[in-house]
1. When you go through I112, I78 one by one, which is the residue that is crowded, with 19+ Cβ neighbours inside 10 Å, among the β-branched types (V, I, T) and touching a residue at least 24 places away in the same chain (Cβ under 8 Å)?
2. Restricting the search to the stretch 235-276, which residues are part of a helix (DSSP H, G or I), at pLDDT 70 or above, open to solvent by 30 Å² or more (accessible area, probe 1.4 Å) and aliphatic (A, V, I, L, M)?
3. Taking into account only those residues within the stretch 6-29 that are out of contact with any Ser or Thr (no Cβ under 6 Å at 6 or more places or on another chain) and open to solvent by 20 Å² or more (accessible area, probe 1.4 Å), which is nearest to A249 (Cα to Cα)?
4. Condition first: over 18 Å from G27 (Cβ atoms), assigned to a helix (DSSP H, G or I) and of a type in the set (K, R). Now tell me which residues in the stretch 62-88 satisfy that.
5. Please go through the stretch 205-224 and give me each residue that is among the hydroxyl-bearing types (S, T, Y) and either open to solvent by 20 Å² or more (accessible area, probe 1.4 Å) or over 19 Å from G170 (Cα atoms) (or both), ordered by number.
6. Say we look at the stretch 225-234 and pick out the residues that are in contact with a helix residue (DSSP H, G or I) (Cβ under 7 Å, 6 or more places away or on another chain) and open to solvent by less than 60 Å² (accessible area, probe 1.4 Å); which of these is farthest from G15 (Cα to Cα)?
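The values are calculated or read from the model by the stated rules, or taken from the named source; none is laboratory data. Nothing here was measured: the structure is a model prediction, and the numbers come from that model. Don't worry about glycine lacking a Cβ; one is built from the backbone with ideal geometry, like all the others, and counts go over all protein chains shown. Ligands, DNA and RNA are stripped out before the accessible areas are found, and what is left, the full protein with its side chains, is counted by its heavy atoms. Shrake-Rupley method; radii C 1.70, N 1.55, O 1.52, S 1.80 Å.
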Amino acid sequence: MLHNYFIILLATGAGAGFASGLLGIGGGFIVVPISYWVICAMGVPQAIAIRTAFGTSLLVILPTVISGAWRHNKEKVIQWKVALALGSFGLAGAFGGSTLAAYLSADVLKLILGGLFFVAALWMALGQRKVTKPVQNRGAGAGSLPKKTLWLSAICGFPIGVLVGLTGIGGGALIVPVLVLIFCFPMHMAIGTSLAAVMFTSLGGIIGYITNGIGASPLPYSVGYINLPIWLCLASTSIPLAQLGARVAYALPAKRLQYIFIAFMVYVGLRMVGVF
C-alpha cells in the first residue's frame, strides 16, 4: 500500500510542477486534493489531513515556483516590482489565513477551496476580451510601471494571501486573473510575474502551518502541519517538471493558455465541492 502512495505522490508532483511552469500557478490545485486523499487513506482524521495537505502543498510550491520563475525570468517577462509588492503583502495575508484555517472544520475548508477555484475560473472566462493597451510583453523593466499599479498590486496581495493560507494553493490561481483582467498583462507576463509573487505568498503560509500545527499531526516526520516524507515525494518531481512546463508555455499561444487555465480551474473547483 505504501508503494502505491509513493507512486501516486510522485505522479502528483510531476503534474503539479508541469502545471506550475505552464500556467503560472503554484500547483496546489493538484497537490492539495490528491495529497488530502492519500493522507486520509493513511488513517489520519479529516481535520488534520486537510491542514497537512495545505501546509505540505505550500512547501512543495515554494521550490517549484522558484524553478518555474527562473525559467520565465530568462525570457524577461517578470515584472519584479509588481511581484514584490503583491507577494510581500500576500505573505502577511497568508500567515493570517493559515492561522484561521487551524480553527475551521475540514468541510468548510474544502468548500472554500472548491468555491475559490470555480469563481476564479468563471471570472477569467467572463473577462476574455481584447486589451487595448497591454503592458509590453518582454523586456519591460519594472521601473516603467506607474506607482498606481504598484500600490494596487499591494492592495490585492493581502486578501489573496489570506485565501492562500486558507486553501494551501499558493495564490497563482487568483494572481494570474488579477494581472490579466485588472492590470492588462499579456498572458505570458502574467504567468511569470505570478510565479515570482507566489514565492512570497507560499512562504507566509508555510510559516503559519508550522507554527499553528506543532504537535498536531500523528504522521511521523512532521513539522507542524507539514509532512516531510510526503513533501519529498512531491517536490522531487515537481521541481524539474516546472522547467518543462515553462518551456511548453512559450510554444503555445496566450489564448490557448487561458483556455487550459480555465478548464483546470473549473474541474478542480467542482470536484472539491463534491460535484464529482
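1. Details: I112 fails: crowded, with 19+ Cβ neighbours inside 10 Å.
Answer to the check: I78.
2. I239, L241, L244, V248, I260, A263, V266, L270
3. Here the residue is F18.
4. Once the filter is applied, which keeps residues that are over 18 Å from G27 (Cβ atoms), assigned to a helix (DSSP H, G or I) and of a type in the set (K, R), the stretch 62-88 yields K74, K81.
5. Pass one, the stretch 205-224, residues among the hydroxyl-bearing types (S, T, Y): 209, 211, 217, 221-222.
T211, S217, Y221, S222 - these are the residues of the stretch 205-224 that are among the hydroxyl-bearing types (S, T, Y) and either open to solvent by 20 Å² or more (accessible area, probe 1.4 Å) or over 19 Å from G170 (Cα atoms) (or both).
6. Looking at the filtered set, the residue picked out is Y225.
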